[in-house]
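Heads up: the structure comes next, in structure tokens.
The values are calculated or read from the model by the stated rules, or taken from the named source; none is laboratory data. Because the structure is a prediction, the values reported are computed rather than measured. Every residue, glycine as well, gets a Cβ built from its backbone with ideal geometry; the counts of neighbours run over all protein chains shown.
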Amino acid sequence: MAALHRTWWKYGRALAVPLLLWALVIASLWEPIKVWLNSSRYHDRAALREWIENARGNLPNMVGDYVRGPDASLDVDWRKQTQLQQREKIAEYLASLADPLTKMYSDQTPLFPKIYRIDIVFDEQVRAKLLRQLSVDDRPPSDEVLRLVEPIVWDSHVPVDDSQVEEYEHPLGEHTRVKLVYQLHAYDKRQRDEALRPKREGRLTILAIIATGIAGLWVVYTQRRERERERHRAIAQSQVDQAERLLLQEELRRQEAERRQQQAERDLLQQRLAAREYEQKMLELKSQLYASIGIMAGSYAHNIKNLLVRPNDLLRRCLENDGVSGEQRRMLQEVRHTLGTVTERLQQILSTVRRDPNRSEMAPLDLCAMLRNLEATWTDLARDRWKVQLTLELPDASLWIDGDLSHLQQAVENLLFNARDATFEMRNHLRDEAREANLDAAGRRQALIAAAAWKGSIGVRAWREGGEVVLEVRDNGIGMTEEVRRRCTETHFSTKRDNATYEGQTTGMGLGLSFVQVVLDNHAAKLEVESQTLEGATFRVRFPARSPSVPEPAAGLASATSERREES
């Protein structure tokens, strides 16, 4: 049922346009067609209309006077008489117009219709007006009055064949009209017209068939165009569906890519969490290691400090003895000073190992004063025992930072010891190279002498650079490869496992530079390492600078250290 409805609707839409055009053509040609089919009737009526318009003369004025009625001041009977006279005049005028015209063409084929009757008809409004004027108040109108309001008639009294006459009405004036009863001007012509009428209707039928055929062709064309539109619409819909499928597939691929990306991000997050957990465990292990080392180092330092109590007491007694010569007293004072330095350093070691390097006690610190104290402590030992020249370059002004004195002293000394070991390894490398050189005995001996005469150098320098304080420790030692340079601050990483260190001490444990890195991280400092094999190394530390407005006691670091030595 729905399919049938759609079919009717489709054909109805296709027929709508040609039917509308056909209706417009019929509407526009309807009047000419009627004239063409009824040419005699229209010709006769046109002739009558022209005759009424041109030949009626004073008829409108006469009828107008009759419609307006007599003067109201006259007697009723006089008014009736006046209306009757006007009525007779109008009838005589109608006879003078119609009777001669009818008789004139009675014996020949007239070109004008034959008039049998003329009526002047009044509408109800005029009739009521005349009745009021011609009637006595409160009395019904008489027959005479009723005749005065009837139509004014002229009749030819010629027998009439109803099948051959026509009636025609034409407005004459306000509220009046002329009604004509006439015969067609040529009955034989009418018969011929009626004989031609089927032919004309046949032509119209053919025209209608042609128009219907055109409408059918239009329907076929419309249907073909509609089918073509349907085909294009189906193709377009197929393309749209294909595009939607492609978009859906693309959306699915995008969602799959997003899912994979989210999975990758989750995996990466899990890896980061695992790495963070691993780092946390390593930090815990490192803290435990530092704690273990601190306990052991603290135990050793405490025992050594206890062992130094007896030598210090003996030195005090010797110095109090009056029999000691001046040279002996000077040497004893030097021994006492050295033991005081050892005692002070042991005290610093105890203070340092009791605290985790991750928990520093920050205070305003003059880096220049700390470095001068380090120079005073290690210069002589570096020259006499290490065979290394230690130099210090500092600006005239103080370099203030926020730091933990104990931790920074240990960190800088670790850098110093690392540079010392690098010079030892460089000297050993030169000796091994001289021994393995393809030289004679004299040349080899000369090369060994040159290797032994080689001197290491360690330079410590500090300066201010913008908003930073820079500390630099450089040496001319063995240097490092790129891999060693990248990993030198890792815990337990050391290149000294198989190399003898200074004076036969145990091999490195890989804790010196890792301790330095921990301390510097806690001080918000950055460590830069530059090195190449056999060309020495440079360790550069950048501290955040501090305003110089700090308390005075930190500036008196060297003097306080000396006083503690003397007391020891």
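All of (1) of a type in the set (K, R); (2) modelled with pLDDT of 80 or more; (3) part of a helix (DSSP H, G or I) hold for R177 with one exception: (3).
Within region 315-367, restricting attention to residues that are among the hydroxyl-bearing types (S, T, Y) and modelled with pLDDT of 75 or more, the residue that is surrounded by the most Cβ atoms within 10 Å (Cβ to Cβ) is T343.
Only one of (1) at pLDDT 70 or above; (2) more than 30 Å from S142 (Cβ to Cβ) fails for H43. Which number is that? In the conditions (1) at pLDDT 70 or above; (2) more than 30 Å from S142 (Cβ to Cβ), H43 misses (1) alone.
Rundown of residues vs (1) among the polar types (S, T, N, Q); (2) over 21 Å from T538 (Cα atoms); (3) at pLDDT 90 or above, yes/no style:
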| position | (1), (2), (3) |
| --- | --- |
| S406 | yes, yes, no |
| L415 | no, no, yes |
| T423 | yes, no, yes |
| A450 | no, yes, no |
| G467 | no, yes, yes |
| E472 | no, no, yes |
| R485 | no, no, yes |
| T489 | yes, no, no |
| Q505 | yes, yes, no |
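Is it the case that A128 is at pLDDT 80 or above, of a type in the set (A, V, I, L, M, F, W, C), surrounded by fewer than 14 Cβ atoms within 10 Å (Cβ to Cβ) and under 22 Å from K179 (Cα atoms)?
Working: at pLDDT 80 or above: yes; of a type in the set (A, V, I, L, M, F, W, C): yes; surrounded by fewer than 14 Cβ atoms within 10 Å (Cβ to Cβ): yes; under 22 Å from K179 (Cα atoms): yes.
Against the criterion (at pLDDT 80 or above, of a type in the set (A, V, I, L, M, F, W, C), surrounded by fewer than 14 Cβ atoms within 10 Å (Cβ to Cβ) and under 22 Å from K179 (Cα atoms)), A128 qualifies.
Among the residues of region 259-309, not one is more than 40 Å from the chain's Cα centre (by Cα) and modelled with pLDDT of 90 or more. When R474, R461, R431, R435 are screened for being among the basic types (K, R) and either outside the structural domain of V529 (by TED's automatic domain parsing) or buried (at least 19 other Cβ atoms within 10 Å of the Cβ) (or both), only R474 passes.
The residue of region 158-172 that is nearest to the chain's Cα centre (by Cα), among those that are closer than 28 Å to V126 by Cα and surrounded by fewer than 15 Cβ atoms within 10 Å (Cβ to Cβ), is P171.
Figure legend. Inter-residue proximity from region 79-104: first residues closer than 17 Å to V63 by Cβ and among the β-branched types (V, I, T), second residues part of a helix (DSSP H, G or I) and at pLDDT 80 or above, beta-carbon distance below 8 Å, spacing 6+ or different chains. Indicated pairs: I90/M62; I90/V63; I90/Y66.
Count of region 149-172 residues, restricted to those that are farther than 21 Å from R45 by Cβ and among the charged types (D, E, K, R), is 1. If you check A72, A91 for being closer than 24 Å to T176 by Cα and either modelled with pLDDT under 65 or assigned to a loop (DSSP other than H, G, I, E, B) (or both), only one passes: A72.
Could you check, for region 9-16, whether at least one of its residues is modelled with pLDDT under 70 and either under 19 Å from L180 (Cβ atoms) or surrounded by fewer than 11 Cβ atoms within 10 Å (Cβ to Cβ) (or both)? The answer is yes; a qualifying residue exists.
If I ask for residues that are assigned to a loop (DSSP other than H, G, I, E, B) and surrounded by 13 or more Cβ atoms within 10 Å (Cβ to Cβ), which ones from region 384-408 would you list?
The first filter runs over region 384-408 and keeps only residues assigned to a loop (DSSP other than H, G, I, E, B), leaving 385-387, 394-399, 404.
Those that are assigned to a loop (DSSP other than H, G, I, E, B) and surrounded by 13 or more Cβ atoms within 10 Å (Cβ to Cβ): W386, K387, L394, S398, L399, D404.
Per the listing L374, L381, the residue uniquely part of a helix (DSSP H, G or I), at pLDDT 90 or above and surrounded by fewer than 21 Cβ atoms within 10 Å (Cβ to Cβ) is L374. The set of residues in region 116-160 that are part of a loop (DSSP other than H, G, I, E, B) and touching a strand residue (DSSP E or B) at 6+ places or on another chain (Cβ under 8 Å) comprises D123, V149, P151, S156, V158, V160.
Looking only at residues in region 216-231 that are among the aliphatic types (A, V, I, L, M) and within 16 Å of W9 (Cα to Cα), the one that is modelled with the lowest pLDDT is V219.
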